[in-house]
């Protein structure tokens with residue numbers, strides 16, 4: 001089982017603090033973050049009275065990994081990562097992801113020899129990478145004012161939980177008839 005960030009919709013207030021923390025943890029340039037380069041790797045979705053960030057589930061059998069024709073999406077350190085330098089921007093990962101967690105963003109293209117156009121952009125895939133570059137872990141978790149986000153890992157999944165559902169009644173002789 002890979003680690004992933006889980007969001008509790010009942011606690012989320014839609015403040016988008018997690019989006020801001022994510023964008024700040026992954027600056028796409030040396031410029032100050034603004035509308036032109038605000039590219040968080042999670043998106044807070046609003047549906048009726050519920051808001052919740054949509055994040056990559058770091059699937060063990062990730063459809064995005066299988067779908068990528070450039071092998072730009074890989075498993076490493078119990079996470080699914082996008083190697084953006086290999087990404088073609090073809091969007092097959094977006095179509096393959098059952099959670100809607102893959103995004104395509106525009107980034108400046110590397111200048112080509114003889115290319116005089118300075119504003120060329122290229123499309124690349126991006127998604128939650130669990131802030132593997134940060135020793136503190138995912139930036140979104142620590143800033144959430146309502147503690148709606150938490151990291152799910154093997155240890156948490158293995159911990160005993162109190163069962164809240166009613167006990168299953170053993171069938172009696174009358175029930176078996």
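Numerical summary
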item	result
Residue in the range 82-103 that is modelled with pLDDT under 90, over 19 Å from the mean Cα position of the chain (by Cα) and surrounded by 10 or more Cβ atoms within 10 Å (Cβ to Cβ) present	no
Some residue of the range 96-107 being touching a helix residue (DSSP H, G or I) at 6+ places or on another chain (Cβ under 8 Å) and part of a helix (DSSP H, G or I)	yes
Selection within the range 53-87 - in contact (Cβ under 8 Å) with a residue 60 or more places away in the chain and under 20 Å from residue 146 (Cβ atoms)	53, 55
The one condition in (1) over 20 Å from residue 105 (Cβ atoms); (2) surrounded by 14 or more Cβ atoms within 10 Å (Cβ to Cβ); (3) over 16 Å from the mean Cα position of the chain (by Cα) that residue 2 fails to fulfil	(3)
Residue 13 being under 28 Å from residue 121 (Cα atoms) and in contact (Cβ under 8 Å) with a residue 12 or more places away in the chain	no
Complete set of residues in the range 27-52 that are over 16 Å from residue 144 (Cα atoms), surrounded by 15 or more Cβ atoms within 10 Å (Cβ to Cβ) and in contact with a strand residue (DSSP E or B) (Cβ under 8 Å, 6 or more places away or on another chain)	28, 39
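The values are calculated or read from the model by the stated rules, or taken from the named source; none is laboratory data. Bear in mind that the values here come from a model prediction, so they are computed numbers and not experimental data. Note that we place each Cβ from the backbone using ideal geometry, even for glycine, and neighbour counts take in every protein chain shown.
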